[in-house]
Amino acid sequence: MADSSSNGTAAPAAPAAAAAAASDPKSSFLSIYSRLKSDLLHDSAFDFTDDSLQWIDRMLDYNVPGGKLNRGISVVDSYKILKEGNQLSEDEFFLASALGWCIEWLQAYFLVLDDIMDNSHTRRGQPCWYRVPKVGLIAANDGILLRNHIPRILKQHFRQKPYYVDLLDLFNEVEFQTASGQMLDLITTHEGEKDLSKYKLPVYRRIVQYKTAYYSFYLPVACALLMNGENLDNFVDVKNILVEMGTYFQVQDDYLDCFGDPEVIGKIGTDIEDFKCSWLVVQALERANEDQIKTLTENYGKSDPTSVTKVKEVYKDLNLQAVFMEYESTSYAQLISSIEAQPSKAVQEVLKSFLHKIYKRQK
Ligand code: IPE
Ligand code: MN
Ligand code: MN
């Protein structure tokens, strides 16, 4: 625990949080989680029984705070930059963190349901929530509850803010885009009727943009902008840059799914086995000769290791590693030049901090 602060201005936020923020951003961000959870467990709109209190408590701890928390923490970081380096007050730190946690809640909601739909086994190094004994499809309702917690957090802490309506609208828009992206992903990767001919770059980009980029990249910055009193209509270029970064982030994720070291990335890739519309298969199909197309058609989407190896051999023969590096440097250069065209230095700095985080990830 951080030292308890002894200043007399004990704000409603966890007292030590802002002081601790300077030393360890992740642990102070986590301390806000405990407070938000406690508020939700005292929600007067529902008459909790002991069992339901325990269920929510355990369900939240299992699904909300266990990730890297990059999305949530980047709301705080972005807001700090937009405030032009001024230290955040305790209250500002709490509010920016609460918005960050709303994004983590949104992600938890999507992941709980995504794992059911994808028939996944593990998430963040533990069994998927729906695979936990006595949970099963109760997880579907837990997903709905996680989703409902977001407007409850917003109502409790932002109701009086001039940007309250815009925040609600932002979360609604982004949720709709993400759910639509999930739909595209699911109907494109159709079990049973495996058809590689639809796996083209524009299809790929649409899926990724909607299911990942809006909530992971645009949403954190948009939250920080709203807190800073901005009108999001004036930041369409910023949105486009962030969506482009989100697209690159997913390309990198797809590349690492196949070529990354499981020890380093913390998960074992299954895109080939799952017949995913991955950036690699899209690139391979664009470059393959007839023989290679045949190999891909026969082996993509099969779970036996020989098939997976054959697909990876085609990727290597087509030198997709080099294609990826080429794409990486081109997209980096393009992003840098669109960022530098931004009129505001603070906005440039926010965008560059995202850029540097993702472009060093694979090393
Ligand atoms: C999950 O997408 C997307 C959302 C959470 C909206 P995927 O299904 O491609 O991601 P993983 O591999 O399960 O994390
Ligand atoms: Mn999934
Ligand atoms: Mn999915």
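Considering (1) within 16 Å of ligand 3 (Cβ to nearest atom); (2) of a type in the set (A, V, I, L, M, F, W, C); (3) outside any helix (DSSP H, G or I), say which one Phe110 fails and leave the rest.
(3)
Matching residues to (1) modelled with pLDDT of 95 or more; (2) within 16 Å of ligand 3 (Cβ to nearest atom); (3) out of contact with any Gly (no Cβ under 7 Å at 6 or more places or on another chain):
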residue	(1), (2), (3)
Asp253	no, yes, yes
Glu263	no, no, yes
Thr270	no, yes, yes
Thr295	yes, no, yes
Gly301	no, yes, yes
Thr309	yes, no, yes
Val323	yes, no, yes
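Scan the stretch 114-163 for residues that are of a type in the set (D, E, K, R), within 16 Å of ligand 3 (Cβ to nearest atom) and on the phi < 0 side of the Ramachandran plot and jot them down.
Listed by number, the residues that qualify are Asp114, Asp115, Asp118, Arg123, Arg131.
Which residues, counting only those in the stretch 125-137, are within 16 Å of ligand 2 (Cβ to nearest atom) and out of contact with any His (no Cβ under 8 Å at 6 or more places or on another chain)?
Gly125, Gln126, Trp129, Tyr130
Output the residue which, of all residues in the stretch 29-72 that are hydroxyl-bearing (Ser, Thr, Tyr) and touching a residue at least 60 places away in the same chain (Cβ under 8 Å), is farthest from Phe354 (Cα to Cα).
Out of the qualifying residues, it is Tyr62.
If you check Val221 against the conditions, is it assigned by TED's automatic domain parsing to the domain that holds Ser307, at pLDDT 95 or above, of a type in the set (Val, Ile, Thr) and surrounded by fewer than 23 Cβ atoms within 10 Å (Cβ to Cβ)?
For Val221, the condition - assigned by TED's automatic domain parsing to the domain that holds Ser307, at pLDDT 95 or above, of a type in the set (Val, Ile, Thr) and surrounded by fewer than 23 Cβ atoms within 10 Å (Cβ to Cβ) - is not met.
May I ask you to verify whether Asp254 is surrounded by 14 or more Cβ atoms within 10 Å (Cβ to Cβ) and under 27 Å from the mean Cα position of the chain (by Cα)?
Yes.
Looking at the stretch 323-351 only, could you name the residues that are in a loop (DSSP other than H, G, I, E, B) and among the hydrophobic types (A, V, I, L, M, F, W, C)?
Ala341 - this is the single residue of the stretch 323-351 that is in a loop (DSSP other than H, G, I, E, B) and among the hydrophobic types (A, V, I, L, M, F, W, C).
From the residues in the stretch 94-124 that are more than 10 Å from ligand 2 (Cβ to nearest atom) and of a type in the set (Gly, Ala, Ser), which one is surrounded by the fewest Cβ atoms within 10 Å (Cβ to Cβ)?
Among them, the one singled out is Ala98.
In the stretch 183-197, which residues are surrounded by 12 or more Cβ atoms within 10 Å (Cβ to Cβ) and out of contact with any Gly (no Cβ under 8 Å at 6 or more places or on another chain)?
Within the stretch 183-197, Met183, Leu184, Asp185, Leu186, Thr188, Thr189, Leu196 qualify.
Only residues that are out of contact with any Lys or Arg (no Cβ under 9 Å at 6 or more places or on another chain) and touching a residue at least 40 places away in the same chain (Cβ under 8 Å): list them for the stretch 213-229, please.
Correct list: Cys223, Leu225, Gly229.
Being over 15 Å from Ala140 (Cα atoms) and outside any loop (DSSP other than H, G, I, E, B) is the filter here; which residues of the stretch 44-66 pass it?
Across the stretch 44-66, the qualifying residues are Asp50, Asp51, Ser52, Leu53, Gln54, Asp57, Arg58, Asp61.
Of everything in the stretch 242-299, what is out of contact with any Asp or Glu (no Cβ under 8 Å at 6 or more places or on another chain), among the polar types (S, T, N, Q) and assigned to a loop (DSSP other than H, G, I, E, B)? Give them in sequence order.
Asn289
The values are calculated or read from the model by the stated rules, or taken from the named source; none is laboratory data. Since we're looking at a predicted model, the values are computed, not measured. Every residue, glycine among them, receives a Cβ derived from its backbone with ideal geometry; neighbour counts consider all protein chains shown.
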